[in-house]
1. If a residue must be aromatic (Phe, Trp, Tyr) and not in a strand (DSSP E or B), how many such residues does the stretch 24-63 contain?
2. Any residue at all in the stretch 158-172 that's at pLDDT 95 or above and in contact with a Phe, Trp or Tyr (Cβ under 6 Å, 6 or more places away or on another chain)?
3. Scan the stretch 27-42 and report the pairs whose first residue is under 18 Å from residue 170 (Cβ atoms) and whose second residue is of a type in the set (Ser, Thr, Tyr) and exposed (fewer than 15 other Cβ atoms within 10 Å of the Cβ), with Cβ atoms within less than 8 Å and a gap of 6+ or a chain change.
4. What residue, among those in the stretch 49-60 that are modelled with pLDDT of 90 or more and open to solvent by 30 Å² or more (accessible area, probe 1.4 Å), is farthest from residue 171 (Cα to Cα)?
5. Looking only at residues in the stretch 73-89 that are surrounded by fewer than 13 Cβ atoms within 10 Å (Cβ to Cβ) and farther than 13 Å from residue 61 by Cα, which one is modelled with the lowest pLDDT?
6. Tally up the residues in the stretch 61-72 that are over 11 Å from the mean Cα position of the chain (by Cα) and either touching a residue at least 60 places away in the same chain (Cβ under 8 Å) or buried (at least 17 other Cβ atoms within 10 Å of the Cβ) (or both), please.
Amino acid sequence: MTRGIAVVTMVAALLMVGGVARAASIEPFLGTYVGTALVEDDNSINKRDLNIVIKKADEGFEVDWTTIIPKDNKSVRRQFKIRFLPTQRKEVFKAAMRTNVFGAAVPLDPLKGDPYIWAAIRGKSLFVYGLIVTDQGGYELQVYERTLKPGGMTVRFKRIHDGKQLKDITGEVKRTK
């Protein structure tokens, strides 16, 4: 009888494990990257400095990126740090940008003007998406695509507003750690 209970327990355990999607691996993306992107604006080409750190955090991972944009003889620094957690979908991760009243990490609310952010791993590319619902009820979608290559990554940023692409920036970063 003990053997029968062991078999039933193993089958139940396998069924429970089978119902939970295993997250795609962030391991190949982990590291520190530095590089540049060239942007064409109004018949001129501007260089942006890029710094990216991808590391494990809790049961998920964290992406910390900084873009330094030259503007009117100064530099504008934009920095983002977002923690991502696994979801029931193997390749999709939810942003954990705030804590709810029960202490759980949850995404922001796009209907309050906050961006709704998620990440996905597809092959050698890590995508971070940001969806914003505009005051007029339209949308803006920002897509950060980071694709692994020997020694670093190719990075691409797209900004789309109500179906119209406003920006498409590409660059290269080298792994430093």
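The values are calculated or read from the model by the stated rules, or taken from the named source; none is laboratory data. Note that the coordinates shown come from a computational prediction; the quantities given were computed from them, not determined experimentally. Positions of Cβ are backbone-derived with ideal geometry, glycine not excepted, and every protein chain shown enters the neighbour counts. Remember, those area values only see protein heavy atoms, side chains included, never the ligands or the DNA or RNA. Shrake-Rupley method; radii C 1.70, N 1.55, O 1.52, S 1.80 Å.
1. Qualifying residue count, the stretch 24-63: 1.
2. Looking through the stretch 158-172, none of the residues is at pLDDT 95 or above and in contact with a Phe, Trp or Tyr (Cβ under 6 Å, 6 or more places away or on another chain).
3. Pairs found: 33/176; 34/176; 37/170; 38/170.
4. 56
5. 73
6. Narrowing the stretch 61-72 to residues over 11 Å from the mean Cα position of the chain (by Cα): 66-72.
Okay, now just the ones that are also either touching a residue at least 60 places away in the same chain (Cβ under 8 Å) or buried (at least 17 other Cβ atoms within 10 Å of the Cβ) (or both), so 67.
Residues meeting the conditions: 1.
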